[in-house]
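All remarks here apply to the structure that follows.
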Amino acid sequence: MIEPDSASLPDAPHRQEELFPIREVARLTGINPVTLRAWERRYGLIQPVRTESGHRLYSQADIDDVRSILGWIERGVAVSKVGKILARNQATQQQAPSAQAPGTQADWKQWQVQLRQAVKAFDERRLEQVYGQVFASYPLVVVFQDILMPVWHDLCAAGEAFGAQSEWLFLDGFLRARALQRLQLAREQQEVSVVLAAMPGHCRELELLVAALMLGSSEVVIRVLAVGQPLEELSLVCERMAPQALVLFSNHSPTAELPKRLMRLAQGLDCPLLFAGEAAELAQDALMRSQVACLGSEGRLMRRRLQQYLAEHLDT
């Protein structure tokens, strides 16, 4: 981690932010320098600035992009396709400025530092304090999507590092309990019911619970089915629960057979079928002319698209 001499930087916009050499980025992300250079040259995924001597310098945003790319690759997406996904997500957020979160990434990262310190110490009291303070400062979508879940994902990706699994389990258990509590409190007065289920093996319980919190509103209650719910029995579940819609959630790269599988499922339901999660970003072109609507994966837009769909298609 370095504070470059301003005279060595190629342009002014980068002079006020901390920049990192490639070896530091490799240490922080676990991606070796050869791969980082390949992602830049072959696919244009990362565009670091250069010093006058030609050395690459990466911003914190570049490091976040590296981690995002790695996440997509781990879900089975070819590296050659990741650039299109990142560009689409960026374009979507630029088209919806009113959905942008308050605060800045620097603010969020300060909260993440405090969160990591509490988790590292296995200090539940301190973790509860940070959790409460964050909720007092930001809306729910920001808290989970921009502050809490990035830390959860980083710990999950740490893998075999000593202590990482214990830290992840500590945070995961804490967040699952709080997410369930918030979902239970939200079930009181809503009139519109939507069922949320996960594609088997395509996400962890906390990811599904957070998706439910993102989708819910003062008008719509989200009823979450347990992770592992068989797809072939969803028609029976929906027949008995009688929801206004079923949302299927997946964070894995979709297979070639997925669109046909979803369309067959939709035909057997008495309610509309919607698709959400990171897989929905990849499958939306294949499902464009089908009866399965894609909600995407960005929390603010998922809720907006669900509300728009219900308003347009259901008499509520």
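Is it fair to say GLY173 is loosely packed, with under 15 Cβ neighbours inside 10 Å, in the same structural domain as LEU115 (by TED's automatic domain parsing) and modelled with pLDDT under 95?
No: the conditions fail for GLY173.
Based on this model, can you work out whether VAL292 counts as more than 22 Å from the chain's Cα centre (by Cα) and at pLDDT 90 or above?
It is false that VAL292 is more than 22 Å from the chain's Cα centre (by Cα) and at pLDDT 90 or above.
Mind telling me which of the residues VAL119, VAL113, VAL134, VAL142 ends up being in a helix (DSSP H, G or I), at pLDDT 95 or above and not aromatic (Phe, Trp, Tyr)?
Only one candidate passes the filter, namely VAL119.
Would it be correct to say that VAL151 is touching a Gly at 6+ places or on another chain (Cβ under 6 Å) and either crowded, with 17+ Cβ neighbours inside 10 Å or under 25 Å from MET302 (Cβ atoms) (or both)?
no
For the stretch 182-253, give me every one of the strands (runs of 3 or more DSSP E) that falls completely inside it and has 1 or more residues that are within 21 Å of PRO150 (Cα to Cα) and within 19 Å of the chain's Cα centre (by Cα).
192-198, 245-249
Residue by residue through the stretch 39-57, note down the ones that are closer than 24 Å to VAL77 by Cα, touching a residue at least 24 places away in the same chain (Cβ under 8 Å) and touching a Leu at 6+ places or on another chain (Cβ under 9 Å).
Passing the criteria: TRP39, LEU45, PRO48.
Please find, among VAL227, VAL221, the residue that is outside the structural domain of GLY71 (by TED's automatic domain parsing) and in contact with a Lys or Arg (Cβ under 7 Å, 6 or more places away or on another chain). Write out each step before concluding.
Details: VAL227 fails: in contact with a Lys or Arg (Cβ under 7 Å, 6 or more places away or on another chain).
After ruling out the rest, the residue left standing is VAL221.
Could you check the stretch 185-208 and list, in sequence order, the residues that are crowded, with 19+ Cβ neighbours inside 10 Å, of a type outside the set (D, E, K, R) and closer than 22 Å to SER253 by Cβ?
LEU196, ALA197, ALA198, MET199, HIS202, CYS203, LEU206, LEU208
With the structure loaded, tell me whether VAL247 is surrounded by 17 or more Cβ atoms within 10 Å (Cβ to Cβ), touching a strand residue (DSSP E or B) at 6+ places or on another chain (Cβ under 6 Å), modelled with pLDDT under 95 and under 19 Å from GLN307 (Cα atoms) or whether it fails that test.
No: the conditions fail for VAL247.
Just checking, does the stretch 87-105 include any residue being hydrophobic (A, V, I, L, M, F, W, C), assigned by TED's automatic domain parsing to the domain that holds LEU19, modelled with pLDDT of 80 or more and over 29 Å from LEU171 (Cα atoms)?
The answer is no, given that none of the residues of the stretch 87-105 is hydrophobic (A, V, I, L, M, F, W, C), assigned by TED's automatic domain parsing to the domain that holds LEU19, modelled with pLDDT of 80 or more and over 29 Å from LEU171 (Cα atoms).
Which ones in the stretch 34-64 are in a helix (DSSP H, G or I), closer than 14 Å to PHE20 by Cβ and in contact with a helix residue (DSSP H, G or I) (Cβ under 7 Å, 6 or more places away or on another chain)?
LEU36, ILE63, listed by residue number.
Against the condition surrounded by fewer than 19 Cβ atoms within 10 Å (Cβ to Cβ) and either at pLDDT 90 or above or assigned to a helix (DSSP H, G or I) (or both), how does LEU127 come out, does it pass?
Working: surrounded by fewer than 19 Cβ atoms within 10 Å (Cβ to Cβ): no; either at pLDDT 90 or above or assigned to a helix (DSSP H, G or I) (or both): yes.
Judged against the criteria, LEU127 is not a match.
Filter the stretch 285-304 for residues that are within 20 Å of ALA87 (Cα to Cα) and surrounded by 17 or more Cβ atoms within 10 Å (Cβ to Cβ) and give the result.
ALA286, LEU287, CYS294, LEU295, GLY296, SER297, GLU298, GLY299, ARG300, LEU301, MET302, listed by residue number.
Out of (1) modelled with pLDDT under 95; (2) crowded, with 19+ Cβ neighbours inside 10 Å; (3) in contact with a strand residue (DSSP E or B) (Cβ under 7 Å, 6 or more places away or on another chain), the odd one out for SER253 is which?
(3)
The values are calculated or read from the model by the stated rules, or taken from the named source; none is laboratory data. Every value quoted in this text rests on a predicted model; they were computed, and no experiment measured them. Backbone-built Cβ (ideal geometry, glycine too); neighbour counts: all protein chains shown.
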